[in-house]
Amino acid sequence: MDEVKDKINQFGLPQKEADELFETLSQEVLEILFHEYADKSTDEELTVMENRIKEAKSQEHFETIIAEIASTVYGDQADQEIKNVYLDLLDQFSTAVEEAKALAQRAQAGDPDAIKLIEKAQQTEDYTEVMNKFSE
């Protein structure tokens, strides 16, 4: 996970936001792994794992659960597969940030299509949620 955290730190975020991004990515990784785990598990095993996830006490505990699920899904390749999922998500995040920057630059330059896209995005629930998070 150090490689993933190092890549996050390359974004230049304050430590608190970098930690929050890692936690958000961890939740996404868990969701991806959980879907694959569901295909290989009984309903009872799935229920037990769901309860363990809900009761996770810390980020470290959460990471342990992710590792256990990955071990069940990927076997000996679990560590590498987890890292690959994190890195894929980070690449998607990085691409989205670059696209957002480019759109903002186009809007600032007066591009009417870019301005309309930004105005439309500002009316979404996702935008409101992100803005509320940054104003905390």
The range 104-136, subset among the small types (Gly, Ala, Ser) and under 21 Å from the mean Cα position of the chain (by Cα), residue modelled with the highest pLDDT: Ala121
Residue check for Ser58: under 23 Å from Lys7 (Cβ atoms), loosely packed, with under 10 Cβ neighbours inside 10 Å and either among the small types (Gly, Ala, Ser) or in contact with a Lys or Arg (Cβ under 9 Å, 6 or more places away or on another chain) (or both): yes
Helices (runs of 4 or more DSSP H) contained in the range 12-117 and holding at least 3 residues at negative phi and of a type in the set (Ser, Thr, Tyr): 15-40, 59-74, 78-108
Single residue of the range 36-69 satisfying the filter (among the small types (Gly, Ala, Ser) and in contact with a helix residue (DSSP H, G or I) (Cβ under 9 Å, 6 or more places away or on another chain)) that is modelled with the lowest pLDDT: Ala56
Of all residues in the range 7-36 being acidic (Asp, Glu) and under 17 Å from Gln59 (Cβ atoms), the one that is surrounded by the fewest Cβ atoms within 10 Å (Cβ to Cβ): Glu31
Qualifying residue in the range 76-99 (condition: free of Cβ contacts under 8 Å to residues at least 40 places away in the same chain, more than 30 Å from Gln122 (Cβ to Cβ) and loosely packed, with under 12 Cβ neighbours inside 10 Å): yes
Only one of Glu31, Glu44, Glu17 that is over 12 Å from Ile66 (Cβ atoms) and within 15 Å of the chain's Cα centre (by Cα): Glu17
Pair list, Cβ under 6 Å, 6 or more apart: the range 1-26 residue among the aromatic types (Phe, Trp, Tyr), other residue surrounded by 12 or more Cβ atoms within 10 Å (Cβ to Cβ): Phe22/Ile8
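The values are calculated or read from the model by the stated rules, or taken from the named source; none is laboratory data. Owing to the predicted nature of the structure, the values given are computational and were not obtained by experimental measurement. Cβ atoms come from the backbone with ideal geometry, glycine included; neighbour counts cover every protein chain shown.
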